[in-house]
Each structure stands twice: as structure tokens, then as C-alpha cells.
Amino acid sequence: MKPLSEEKAKAAFNQMLNDPDGVYFGIIKKDEETIIGYVFLADISTSHKVAQEFGIVIGDKDLWGHGFGGEAAKLILEYGFRRLKLHRIQLKVLDFNKRANRMYSRLGFVEEGVQREARLLDGKWRNVVLMGMLKKEFEKCLGCV
């Protein structure tokens, strides 16, 4: 995968800001007060009390594995379940993304299925893992990460 150009990144960010069915929060590195990424819930159905998409993006790979993603994830999950009164939050993750799969499992997400060869990346078909979390699972696993 190639990184986004600055122009495409700005366009994507503006699209997120105008998404009526999603919530997006910046991840800030406190000691520098700089935004290092974002976390989101998207495609939220208020009638079904479900967020169809959950995600974490931290741009600088040197900042991966320092707990920023886990902390931000817990905060937006809490926001989704307690503030938005969601019953379920789900996500899709590529099967080879072991770091993300481990973190989502530690957070309390449960693997619910696999979409076989659902993404074409760098000329290879990749499986997509479907994961979900119910509010009661979140309450049980608050201190997991």
C-alpha cells in the first residue's frame, strides 16, 4: 500500500468531518500536543444501535506499539457504548495484520467470521476478518488494554 498524498489526506479528512453517520477523534501525543492519528466509529445506525465500522490510524510507524492506539480505542469504545448508547461495535481487519488483531482481541472484540479473498492488495487477494463487540463484553473487559 502506498501512503496518501497530502492532497488526498486532506480530502479524506474533510470527508470525515462531514460524515453525519460517524464520529472521529484525533489522537494527541500529550507531551508534544501534536495529532498523531485518529480513531473513529462510522456507519452508525441509531435505530439498530450499531457502529458498522471502528478503526484506529496512527501515521508514524515509530509510534506504533506505545499504547496510543489502545488508549484511544478504549476511549472511543466508552464513548460509543456509554454516550451514544450503542449495543454493538464491529470492525474489519486484514488477516495478516497480526498487531491489530491482537490489540482488538485484548480490547474484547470477538472474531465472528472471515471474508475470504475480499481485498486485492499489491496484486494478492487477502482475507478480511470480521470482529464485533457487544456492550456487555465491553463492560466486562474495561481494563483489558
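Pairwise Cα distances in the chain exceed 24 Å in 34 percent of cases. Quote the FRET efficiency, to the nearest 0.05, computed for Ser45 versus Arg83 with a Förster distance R0 of 25 Å and r equal to the Cβ-Cβ distance. Calculated value: 0.95. Measuring nothing but how far apart in sequence close Cα pairs (under 8 Å, 6+ apart) lie, relative to its length, the chain scores a relative contact order of 17 percent. Projecting label points 7 angstrom from Cα along Cα→Cβ for Glu32 and Glu139 puts them 4.0 nm apart.
Taking a ≥ b ≥ c as the square roots of the Cα gyration tensor eigenvalues, with a/c under 1.5 meaning rounded and otherwise prolate when a/b beats b/c, else oblate, which class fits the stretch 30-105? Oblate, since a/c reaches 1.5 and b/c is not below a/b. With respect to the cross-link table entries Lys30/Lys140; Lys29/Lys135; Lys61/Lys136; Lys74/Lys136; Lys61/Lys98, which display a Cα-Cα separation exceeding 24 Å? As for pairs spanning more than 24 Å Cα to Cα, those are Lys30/Lys140; Lys29/Lys135; Lys61/Lys136. Looking at the chain, the DSSP beta bridges with both ends there are about 95 percent antiparallel. For the stretch 54-145, the set of trypsin sites (Lys or Arg not before Pro) satisfying both a DSSP loop assignment and a count of at most 12 other C-beta atoms within 10 Å is given as Lys85.
Multiplying each eigenvalue of the alpha-carbon gyration tensor of the stretch 69-142 by 5 and taking the square root yields semi-axes of 25, 12, 10 Å, largest first, rounded to whole angstroms. Give the longest segment of the chain that steers clear of GluC sites (Glu not before Pro) in DSSP loops with at most 10 neighbouring Cβ atoms within 10 Å, not counting the sites themselves. In the chain, the maximal stretch lacking such sites is 34-145.
Note that the stretch 48-63 has calculated 3J(HN,Hα) couplings of 9, 6, 9, 9, 6, 9, 10, x, 9, 10, 10, x, 8, 4, 5, 9 Hz, one per residue in order, obtained from phi through the Karplus relation 6.51 cos²θ - 1.76 cosθ + 1.60 (θ = phi - 60°); glycine and proline are x.
Bear in mind these aren't lab numbers, they're just calculated from the coordinates by the rules spelled out. Note that the structure is predicted; figures quoted are calculated from it, not measured. As a convention, Cβ positions derive from the backbone with ideal geometry for all residues, glycine included, and neighbour counts pool all protein chains shown.
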